[in-house]
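What follows is a single structure, written as C-alpha cells, with notes after it.
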Number of protein chains: 2
Amino acid sequence: MELFYNENLNANDESLIFGLEESRHLSKVLRKKVGEQIHVTNGKGLQWKGIIISNDFLRASLKKTKVTLHQIKSLPLHIAIAPTKSNDRLEWFLEKATEIGVSHITPLICDHSERKILKPERMKKILVGALKQSAQYFLPQLNPMISFEKFIKSYHPQIKLLAHCQKGNKTALHQIKNLNNEILIMIGPEGDFSDREIKTAKNHSFISISLGKQRLRTETAGIVACSKVATLREISKIK
Amino acid sequence: MELFYNENLNANDESLIFGLEESRHLSKVLRKKVGEQIHVTNGKGLQWKGIIISNDFLRASLKKTKVTLHQIKSLPLHIAIAPTKSNDRLEWFLEKATEIGVSHITPLICDHSERKILKPERMKKILVGALKQSAQYFLPQLNPMISFEKFIKSYHPQIKLLAHCQKGNKTALHQIKNLNNEILIMIGPEGDFSDREIKTAKNHSFISISLGKQRLRTETAGIVACSKVATLREISKIK
C-alpha cells in the first residue's frame with residue numbers, strides 16, 4: 001500500500017491536488033498512472049483513498065473514493081531526549097521511534113549537551129517519511145527544544161522515568177507498574193545526565209530506570225525504550 | 001571505561017603492542033598518557049587491564065595489571081537477515097544489534113534480495129566498534145553470506161522463527177515459549193520473503209511471527225527482534 005502525506009487534508013475533501021514534492025514522487029519515482037488508487041493521511045488518523053485524475057509531475061490530482069477515520073491505537077509514550085552530536089544518529093532515532101511507536105518527542109538541552117541547535121523542518125520530514133513507510137496514520141508530535149530544567153518543571157505525566165548510566169539503585173523498565181498510563185522517558189546526551197540533573201529529577205518524582213545491562217548509545221537507548229514499552233504493553237494486553 | 005580490542009590477545013600475555021590503528025586511537029584521539037590504565041578485550045570473554053608503557057602513535061605498548069575472564073552472559077540469539085539495499089541501513093543494524101545483544105549474525109540471500117555482495121571486513125569493524133562502545137566482552141559471530149535454501153537446510157536450533165509481513169496466522173514473539181533456548185529469527189529483504197520461501201520455512205518447522213502491528217523496515221525488524229528477545233528473557237528471569 002502506497003501511503004502519501006498531506007497535513008491539511010480533511011475527511012470531507014472531495015479532491016486533492018499535490019504540491020511539487022508529492023507530485024514528483026507519485027509521477028517520477030513510483031510511476032503511478034491515471035486511474036490507479038493511492039492512500040493519503042494527514043497524520044491525525046485520516047486514511048483518505050483517492051483515484052489518480054492527473055499524474056502531472058508538478059501538480060498531480062486525486063478524487064476521493066473512500067475515507068477511513070482511525071482511532072488512536074497506541075497509548076501515549078513521550079521520549080524526551082538530548083540530541084546526539086551526530087545529526088545522523090538523531091535522525092535515526094526519529095525514524096526508528098516513529099516506526100516502532102512513539103507519540104511525543106521533546107529534544108532536551110542538558111548540562112552535557114554538545115548540540116543545542118536543531119532543524120525542526122528537517123526533523124519533521126524524517127517523521128513523515130517514517131510514518132508513510134510504516135503505514136501509520138498518527139504523526140508523533142515533535143515539540144520545540146527545551147532546557148532540562150524548564151521541561152521537568154512544566155510537564156507532569158503519570159509515569160516519569162529517567163534512563164541513565166550512573167551506578168546506584170535503578171529499576172528495570174519491565175518492573176515499572178501500570179505501563180498503560182501516559183509514560184515519559186528522559187534520555188541524556190553522550191556524556192549522560194549530570195549528577196545535578198539526576199538529583200533534580202529525583203526531587204520531581206522521576207524513577208531512575210535501566211534499559212538493560214549494556215552501555216547503550218543515546219539513540220540506541222531511545223529506540224530500545226520505545227521497543228521495550230511496546231513489548232511490555234503488548235504483553236499486558238494478553239494477560 | 002575505555003575498552004580496546006585485540007583479537008589475538010590471551011589471558012597469559014604479560015604485555016601487548018598495538019598495531020597502527022589502535023595506537024593512533026590511543027595516542028591521538030583519546031590522548032592517553034604513559035602510566036594510565038586501559039582495558040582490552042579479545043571479544044571472547046577476556047577483559048585484560050594494562051598500564052600504558054608507551055603511547056607512541058605507531059606502536060603503543062602496555063603491561064598487564066589484571067585479567068578478568070567473563071563467562072558468556074547472554075543466551076544465544078541468532079539473527080539471519082537479508083542485507084538491505086542501502087549499506088548504511090545494514091551497518092546500523094550491525095551496530096545496534098551488537099549494542100543490544102546478539103550472538104550470531106548470518107547474512108541471507110533471498111528471492112527478493114537486491115544486495116548480494118558484502119564487505120565482511122568492514123562489517124566486522126562495525127561489530128568491534130559497537131562492542132567497544134557498549135563495553136562488552138563477546139563479539140557476535142558474523143557468518144559468511146549464504147542462500148536462504150542452504151541455510152534453512154543446514155542449521156537446526158531449538159527455536160526457529162520467521163518474521164514476515166504477509167497476512168495469515170502469525171504468533172506474536174512474546175507468545176513463543178521457552179525463549180531461554182537457542183533462538184534463530186530470520187528477517188527478509190525490503191520486498192519480504194517470497195511465498196515460496198515462507199512455505200519452505202514452514203516445511204522446515206519455522207514458526208511465522210509478528211514483531212508488532214507496524215510495517216517495519218528490514219533493519220528495524222532486526223533491531224526490534226533483538227530488543228524484544230532481550231526484554232522477554234529479562235522478564236522470564238524475574239518470574
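A few comments on the model shown:
- For A:M186, the residues whose modelled amide H falls within less than 5 Å of its own, excluding neighbours fewer than 5 places apart on the same chain, are A:A80, A:L161, A:L162, A:A163.
- In this assembly of identical copies, the label point of B:K213 (Cα plus 7 Å along Cα-to-Cβ) is separated from its counterparts by 3.4 nm, sorted shortest first.
- Qualifying trypsin sites (Lys or Arg not before Pro) in the range A:155-203, where qualification requires a DSSP coil assignment and no more than 15 other C-beta atoms within 10 Å, comprise A:K167, A:K177.
- Across the range A:148-159, computed HN-Hα scalar couplings (Karplus, 6.51 cos²θ - 1.76 cosθ + 1.60, θ = phi - 60°) run 3, 4, 4, 4, 5, 8, 9, 10, 10, x, 6, 10 Hz from first to last residue, x flagging Gly and Pro.
- Residue by residue along A:227-236, Cβ atoms of other protein chains within 10 Å of the local Cβ number 6 on average.
- Across the identical copies, the label point of A:E21 (7 Å from Cα in the Cβ direction) is separated from its matches by 3.8 nm, in order from shortest.
- Helix-only [θ]222 nm of chain B, DSSP H runs n ≥ 4, -39500 (n - 2.57) each, per residue, nearest 500: -9000 deg cm²/dmol
- 3J(HN,Hα) couplings calculated from phi for the range B:6-16 with the Karplus curve 6.51 cos²θ - 1.76 cosθ + 1.60 (θ = phi - 60°) are, in sequence order, 8, 6, 8, 5, 10, 4, 7, 4, 7, 9, 8 Hz; Gly and Pro show x.
- Cβ-based exposure ranking for A:T65, B:T84, in which fewest neighbours within 10 Å come first: A:T65, B:T84
- Inter-copy label distances at B:Q71, using a point 7 Å along Cα-to-Cβ, come to 5.0 nm with the shortest given first.
- Fraction of beta bridges assigned by DSSP in chain A that are antiparallel (%, nearest 5): 40 percent
- Spatially near lysine pairs across the range B:107-161, Cα under 21 Å, sequence gap of 8 or more or different chains: 8
- Loop-located chymotrypsin sites (Phe, Trp or Tyr not before Pro) in the range A:123-198 (DSSP state not H, G, I, E or B) with no more than 11 neighbouring Cβ atoms inside 10 Å do not occur.
- For the range B:1-104, applying the loop criterion from DSSP together with a ceiling of 15 other beta carbons within 10 Å to the chymotrypsin sites (Phe, Trp or Tyr not before Pro) yields B:F57.
- Note on the protein assembly as shown: Cα-Cα pairs beyond 44 Å make up 17% of the total pair count.
- Interchain or long-range residues, amide H under 5 Å from A:E36's placed H: A:I52
- Rg(Cα)/(2.2 N^0.38 Å) for the range A:3-69, N = residue count: 0.98
- Axial C-alpha extent at least 15 Å, average Kyte-Doolittle at least 0.0 - helices from chain A (DSSP): A:218-238
Throughout, read-outs are computed from the coordinates displayed, never taken from laboratory work. This one's a predicted model, so the numbers in the text were calculated from it and none came from an experiment. For neighbour counting, all protein chains shown are included, and Cβ atoms are generated from backbone atoms with ideal geometry for every residue, glycine included.
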